[in-house]
Amino acid sequence: MGTTIRRLIAVVILFTIHCSLFTSLAVAQDTSRRYDNFFLEAIVQREKGNSDAAFDLLRHCVEIDSTRSEAYYYLAQYYGALNQKDKMLGLMKKALDLEPDNTTYLETLANIYISRRQYSEGIGMLERLYDKSRERDEVLGMLVQLYEQQQDYDNAIRTLNRLETIEGKTERLSFAKSSLFTQKGDKKAAISEMKQLADQYPHDNNYRCLYANTLYVNGQQKKALAIYHEILKDDPDNRNAQMAMLAHYNEQHDTLAANQLIEHILLNKHSSTEDRVALMRQVIGDSERAGGDSTRVLHLFHQMLELPQSDANLALFCATYMNLKKMPQDSIGKVLEQALQISPDNAAARLQLVSYAWQAENRDRVIALCREARQYNPDEMAFYYYQGIAYYQKSQLDEALDAFQNGIGVITQQSDPAIVSDFYAVMGDIMHQKGMDREAFAAYDSCLQWKDDNIGCLNNYAYYLSIKGMQLDKAEQMSYRTIKAEPKNATYLDTYAWILFMQKRYSEARIYIDQTLQNDSDSSAVLLEHAGDIYYHVGDIEKAVSLWEQSLARAVASDDQEIKGPRRQVLIRKIKLKKYLKE
């Protein structure tokens, strides 16, 4: 073969190779472009909340290019949401295989393993993660917990040493290492660890106490007790040493020494409220187990409350105990008053006092407490409610309405619907009494929006509509709900009977007015008049007149305010003429 031919063949081969490489590069670029387009659209759909569309697009990404990790990562999240845990794990492992140094994948896979209680695998992921992100100290903290979970104390201690290299020797790390040595059974190392810390800070009694605690739990109690005594000699109010000695006395069942130390701590002006409350829980527990005699407990409470208080927690705890022991309310009230002197914005204490005043029917006291509360707790709806009700019961309608209207301003979507509903219900009653019927009906509508089964509101709303002769169908439906809820309630039965009367359904009205009279042994003048009107319209004139006469006698005897003036004159004419007359 000639040289020219060989050269020609070589050129053809090189050209073919070049074309093949160019074609492969073009295909790869097209695949990458298509993958990127679908992946970006998947993320857009994900952000819009279109999970199904995003899921399908991500699966298509994997079909386009199975060597890209991102789609596997996001698909894993969707399978996790579908509770397909094995599929999620497989996809995350695939993503990490494709991108082994991705710290997000490492952390996600570690969390998956931990959630599946595959702690060894989780540890492996976290170790790799820390190798990639040395600045993340919290990863070492997680590793310590996992190694301890696996009872791999050597690696847990090794990891704490790594943390100690970063942070330096600290109480937290030394205590954790000592605890691990104790769990491992290496008492000598446990003690040595805490001794090093105590030696590093020889004048810090708290570190000395920690060292003594380690001695105590590792069998060297005599040496530990000697250190406790030295600390208390140097610092008689050292909390840690006191608590350690108390634990020792309890362990030895030395009740006398324990009680003496408890009283010393409780009555020490330097003791914190938290310590006092914690110790009083122990005292109360011991007292209840011994029979429940409250004498010593209350004596300790009263002694402590004579000391300066930084907050109201001890007083409130005392009041709670006194409630538990069913002590007189006036005694509990004095403690609650002290709590308010310490912390005047304590709504719980003031609400309890309001409750006591309410039970005692001391409306003036309720009003005064709520007035003060509104200065310190302006957003607490209950105080407006109780103040408004108290004014209402004292017939101070303007003041009551003012309290309720101010209370509306603090209502939120998180407010108790039952209380808010009653707010509007009572407002409606007040407005009706003040002749503000349009506003009253609006208040009733608001009441029923918050609680559509507020029976008292349904009854009053229905009755006042019937008196006006307005929306009788609506009134009848509301009233019917009340008698279904309370079929023997005479007030509700009377309302329903009267609405039927207003609708000229006289025979039905008589059925319900008879039930009313059966369920009301002391019928009001208004109810008796209604009964007479109904009987007149079913043709029983004699019965009607008898009922009207009973109504008049009841109105005179009780000085009924509803049947007075012109209305009473109409009633007298009914009786005289033996005829129904409209007012």
Filtering segment 66-90 down to residues that are open to solvent by 30 Å² or more (accessible area, probe 1.4 Å) and in a loop (DSSP other than H, G, I, E, B) yields Ser66, Thr67, Arg68, Leu82, Asn83, Gln84
Open item on the list: Taking the conditions exactly as written (over 30 Å from Asp152 (Cα atoms) and surrounded by 20 or more Cβ atoms within 10 Å (Cβ to Cβ)), does Tyr228 satisfy them or not?
Closed with: yes
All conditions in (1) over 15 Å from Ala42 (Cβ atoms); (2) under 40 Å from the mean Cα position of the chain (by Cα); (3) among the small types (Gly, Ala, Ser) are true of Ser66 except (2)
- Message: Could you go through segment 534-555 and let me know if any residue there is in contact (Cβ under 8 Å) with a residue 40 or more places away in the chain and at negative phi.
- Response: yes
With criteria (1) in contact (Cβ under 8 Å) with a residue 24 or more places away in the chain; (2) within 30 Å of Glu380 (Cα to Cα); (3) part of a helix (DSSP H, G or I), Tyr444 comes up short on (1)
- Task: Restrict the check to segment 30-45 and report whether at least one residue is assigned to a helix (DSSP H, G or I), crowded, with 19+ Cβ neighbours inside 10 Å and not hydrophobic (A, V, I, L, M, F, W, C).
- Result: yes
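If I filter segment 261-278 for residues that are farther than 28 Å from Leu324 by Cβ and part of a loop (DSSP other than H, G, I, E, B), do I get at least one hit?
Yes, segment 261-278 contains a residue that is farther than 28 Å from Leu324 by Cβ and part of a loop (DSSP other than H, G, I, E, B).
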Exactly one of Lys188, Lys177 is among the basic types (Lys, Arg), within 16 Å of Asn161 (Cα to Cα) and part of a helix (DSSP H, G or I), and that one is Lys177
Discussion item. Going residue by residue through segment 424-434, is there one that turns out to be polar (S, T, N, Q), assigned to a loop (DSSP other than H, G, I, E, B) and open to solvent by 20 Å² or more (accessible area, probe 1.4 Å)?
Written reply: no
Counting only residues in segment 127-164 that are surrounded by fewer than 20 Cβ atoms within 10 Å (Cβ to Cβ) and small (Gly, Ala, Ser), the one nearest to Thr103 (Cα to Cα) is identified as Ser133
When you scan segment 114-131, do you find a residue that is under 30 Å from Glu41 (Cβ atoms), of a type outside the set (Phe, Trp, Tyr) and assigned to a helix (DSSP H, G or I), even just one? no
Taking segment 144-174 and keeping residues assigned to a helix (DSSP H, G or I) and farther than 18 Å from Tyr119 by Cβ leaves Asn161, Arg162, Leu163, Glu164, Thr165, Ile166, Glu167, Glu171, Arg172, Leu173, Ser174
For segment 37-50, pairs from a residue that is within 13 Å of Ala71 (Cα to Cα) and at pLDDT 90 or above to a residue that is of a type outside the set (Asp, Glu) and open to solvent by 80 Å² or more (accessible area, probe 1.4 Å), with Cβ under 7 Å and 6 or more apart or across chains, are none
Could you tell me whether segment 575-583 includes any residue that is free of Cβ contacts under 8 Å to residues at least 12 places away in the same chain, surrounded by 13 or more Cβ atoms within 10 Å (Cβ to Cβ) and assigned to a helix (DSSP H, G or I)? no
Of the candidates Asp330, Asp311, Asp345, the one satisfying the condition of being of a type in the set (D, E, K, R), within 23 Å of the chain's Cα centre (by Cα) and on the phi < 0 side of the Ramachandran plot is Asp345
Item to complete: Please tell me if Tyr105 is assigned to a helix (DSSP H, G or I) and open to solvent by 30 Å² or more (accessible area, probe 1.4 Å).
Response: no
Flagged pairs (Cβ under 6 angstrom, 6 or more apart or on separate chains; first in segment 234-253, among the hydroxyl-bearing types (Ser, Thr, Tyr) and in a helix (DSSP H, G or I); second crowded, with 19+ Cβ neighbours inside 10 Å and modelled with pLDDT of 95 or more) are none
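Looking at the structure I just gave you, is Ile332 touching a helix residue (DSSP H, G or I) at 6+ places or on another chain (Cβ under 9 Å), farther than 25 Å from Leu256 by Cβ and either open to solvent by less than 60 Å² (accessible area, probe 1.4 Å) or polar (S, T, N, Q) (or both)? Walk me through how you get there before you give the answer.
Values: touching a helix residue (DSSP H, G or I) at 6+ places or on another chain (Cβ under 9 Å): yes; farther than 25 Å from Leu256 by Cβ: yes; either open to solvent by less than 60 Å² (accessible area, probe 1.4 Å) or polar (S, T, N, Q) (or both): yes.
So Ile332 passes the test.
Please verify whether Arg134 is among the basic types (Lys, Arg), free of Cβ contacts under 8 Å to residues at least 24 places away in the same chain, assigned to a loop (DSSP other than H, G, I, E, B) and farther than 23 Å from Leu91 by Cβ, treating the condition exactly as stated. First the steps, then the outcome.
Details: among the basic types (Lys, Arg): yes; free of Cβ contacts under 8 Å to residues at least 24 places away in the same chain: yes; assigned to a loop (DSSP other than H, G, I, E, B): yes; farther than 23 Å from Leu91 by Cβ: yes.
Yes: the conditions hold for Arg134.
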When Asp452 is run through (1) touching a helix residue (DSSP H, G or I) at 6+ places or on another chain (Cβ under 6 Å); (2) open to solvent by 60 Å² or more (accessible area, probe 1.4 Å); (3) over 24 Å from Gln396 (Cα atoms), the failure sits at (1)
Flagged pairs (Cβ under 6 angstrom, 6 or more apart or on separate chains; first in segment 91-108, farther than 16 Å from Tyr78 by Cβ; second among the hydroxyl-bearing types (Ser, Thr, Tyr) and open to solvent by less than 20 Å² (accessible area, probe 1.4 Å)) are Leu96/Tyr105; Leu98/Ser69; Glu99/Ser69; Thr103/Ser133
Over segment 511-529, the set of residues in a helix (DSSP H, G or I) and within 49 Å of the chain's Cα centre (by Cα) is Ile511, Tyr512, Ile513, Asp514, Gln515, Thr516, Leu517, Gln518, Ala525, Val526, Leu527
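Please go through segment 172-197 and pick out each residue that is charged (D, E, K, R), under 41 Å from the mean Cα position of the chain (by Cα) and surrounded by fewer than 18 Cβ atoms within 10 Å (Cβ to Cβ). Give the steps one after another, and end with the answer.
Filtering segment 172-197 for residues charged (D, E, K, R) gives 172, 177, 184, 186-188, 193, 195.
Adding the requirement that they be under 41 Å from the mean Cα position of the chain (by Cα) leaves 172, 177.
Hit for segment 172-197 is Arg172, nothing else.
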Filter segment 483-510 for residues that are out of contact with any helix residue (DSSP H, G or I) (no Cβ under 8 Å at 6 or more places or on another chain) and not in a loop (DSSP other than H, G, I, E, B); the one that is nearest to Asp453 (Cα to Cα) is Lys484
Picked from segment 536-560 (must be within 22 Å of Ser507 (Cα to Cα) and open to solvent by less than 20 Å² (accessible area, probe 1.4 Å)), the residue modelled with the lowest pLDDT is Ser551
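Mind counting the residues in segment 249-264 that are more than 37 Å from the chain's Cα centre (by Cα) and either of a type in the set (Ser, Thr, Tyr) or surrounded by 11 or more Cβ atoms within 10 Å (Cβ to Cβ) (or both)?
Step one: of segment 249-264, the residues more than 37 Å from the chain's Cα centre (by Cα) are 249, 251-261, 264.
Cutting the leftovers down to either of a type in the set (Ser, Thr, Tyr) or surrounded by 11 or more Cβ atoms within 10 Å (Cβ to Cβ) (or both) gives us 249, 251-252, 254-255, 257-261, 264.
Adding up the residues that qualify gives 11.
The values are calculated or read from the model by the stated rules, or taken from the named source; none is laboratory data. What you are looking at is a predicted structure, and each value in this text was computed from that prediction instead of being measured. Backbone-built Cβ (ideal geometry, glycine too); neighbour counts: all protein chains shown. Accessible surface is based on the protein model in full, side chains and every heavy atom, while ligands, DNA and RNA are left aside. Shrake-Rupley method; radii C 1.70, N 1.55, O 1.52, S 1.80 Å.
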